[in-house]
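The values are calculated or read from the model by the stated rules, or taken from the named source; none is laboratory data. Because the structure is predicted, anything quoted here is derived from the model rather than measured. Ideal geometry is used to build each Cβ from the backbone, glycine not excepted, and the neighbour counts take in all protein chains shown. SASA here: full protein model, heavy atoms, side chains in, ligands and nucleic acids out. Shrake-Rupley method; radii C 1.70, N 1.55, O 1.52, S 1.80 Å.
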Amino acid sequence: MSEVIARIEQTRELLLAALANRDWEAVGELDLECRLRISDMLTEAKGNEADVSASLEQLLSVYRQLIEVASGERQSLVEEMTKIRQAKNAAKVYHLFS
């Protein structure tokens, strides 16, 4: 069982690194990897529920961070697109009167 937990811990660390680098492609790949690791861990969890629970809590914390950062990035993009649209509209108005 400790091998399964070690693999999910390693995947969690890689996910944190990808998040820190804003490497969204790696985050997506590691998300799929986490799903597989969790499935493996749950299959082998019998008798080691405390370790499994602790590992999953740590992984949940990473996913909370991921959601927070991704939401912030999305909001930044929305704000940037709004500014671009406003500038584009201002340029259109300027060209109408010039």
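Key figures for this structure:
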{"read-out": "Selection count where residues are under 28 Å from Arg74 (Cβ atoms) and among the acidic types (Asp, Glu), scope region 1-50", "value": "6"}
{"read-out": "Test: residue in region 59-69 that is at pLDDT below 90 and open to solvent by 70 Å² or more (accessible area, probe 1.4 Å)", "value": "no"}
{"read-out": "Region 37-75, residues that are under 16 Å from the mean Cα position of the chain (by Cα) and small (Gly, Ala, Ser)", "value": "Ser61, Ala70, Ser71, Gly72"}
{"read-out": "Spans of helices (runs of 4 or more DSSP H) in the chain with at least 3 residues in contact with a Lys or Arg (Cβ under 7 Å, 6 or more places away or on another chain)", "value": "2-20, 49-97"}
{"read-out": "Breaking point among (1) open to solvent by less than 50 Å² (accessible area, probe 1.4 Å); (2) over 21 Å from the mean Cα position of the chain (by Cα); (3) of a type outside the set (S, T, N, Q), for Lys88", "value": "(1)"}
{"read-out": "Count - residues of region 1-24 that are of a type in the set (D, E, K, R) and over 14 Å from Leu66 (Cβ atoms)", "value": "3"}
{"read-out": "Selection count where residues are closer than 14 Å to Leu56 by Cβ and either without any contact (Cβ under 8 Å) to a residue 12 or more places away in the chain or open to solvent by less than 20 Å² (accessible area, probe 1.4 Å) (or both), scope region 7-27", "value": "3"}
{"read-out": "Tally of residues being out of contact with any helix residue (DSSP H, G or I) (no Cβ under 7 Å at 6 or more places or on another chain) and open to solvent by 50 Å² or more (accessible area, probe 1.4 Å) across region 39-53", "value": "8"}
